[in-house]
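No value in this document is a laboratory result; all are computed from the given coordinates. What you see is a predicted model; the values in this text were computed from it and never measured. We place every Cβ from the backbone using ideal geometry, glycine too, and count neighbours over all the protein chains shown.
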Amino acid sequence: MIGYFNTYIAKYYDTPKKKSYTFLGLSLGLVIIFVVFAIRPTFSTVVELRQKLREGQEANKALNEKITSLTSAQENYAKVVDSLPLLNAALPTEKKIVDFLNKVNLLAGSNELVVEALEHKIGREKEEATGENTLEFTVSGRGSYEKIKNFVGKLENLPRLVNIKNAEVTRKEGEEKLGFTVVGRVYYEITE
């Protein structure tokens, strides 16, 4: 090693000027090597960590917004949870036409009406124009005007959503009771 120094490097130390330039050149070379192999990876690691930190902060912000939204949704749900049975009664997830027709028949009987016909027609699974799932019904019978009026009012106020399309009252000659025909529709929601 000393031989190598004497042979190749000693010639650069023979004058003070050469000695200082050699020392300066070697020092700069060492600094460059240090920068390339030690400091550059450190800087790239710092840049990478800052990027990850920024992404983590953005993810944290998004999660906090989601938590806020979920908390708000939970509060809204808590406000309406008691109304859900009423909503399910008004807009059931099944057709339940037989149950509905039984209620109509009982309602007519409680109003002292004689039901002569009680029919239903299933509408299209989903009407294209309105997007509604409907069941149409028709009830015909006989009774007094006040009883018919009361029946139609109670029919509209059933828990299930009922839309009366037409209510017609007729009188046939020689008959004491009036005839009536009520046409309407009920709705249901299909859950998929």
Notebook entry, point to check: How much length is gained if the chain between residue 36 and residue 73 is pulled fully straight, taking 0.36 nm per residue apart and subtracting their Cα-Cα distance, in nm to one decimal?
Noted result: 7.9 nm
Next item on the list: Sticking with the crude label model, points 7 Å out along Cα→Cβ, report the distance from residue 22 to residue 117 in nm, one decimal please.
Entry: 12.2
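How do 148, 97, 164 rank when sorted from fewest to most other Cβ atoms within 10 Å of their own Cβ?
On the way: 148 23, 97 16, 164 13.
Ranked by crowding around the Cβ, least crowded first: 164, 97, 148.
As a quick test, which of the pairs 79/121; 79/165; 96/154; 121/177; 103/177; 149/177 have an alpha carbon distance above 25 angstrom in this structure?
Working: 79/121 37 Å; 79/165 34 Å; 96/154 19 Å; 121/177 27 Å; 103/177 23 Å; 149/177 13 Å.
Over 25 Å Cα-Cα: 79/121; 79/165; 121/177.
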Next item on the list: Work out the FRET efficiency for residue 161 and residue 58 from their Cβ-Cβ distance, taking R0 = 35 Å, and round it to the nearest 0.05.
Entry: 0.15
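Quick one: if the Förster radius is 45 Å, what FRET efficiency do residue 83 and residue 175 give, using the C-beta to C-beta distance and rounding to 0.05? Please list the in-between numbers first.
Numbers: r = 45 Å, r/R0 = 1.01.
E(calc), rounded to 0.05, equals 0.50.
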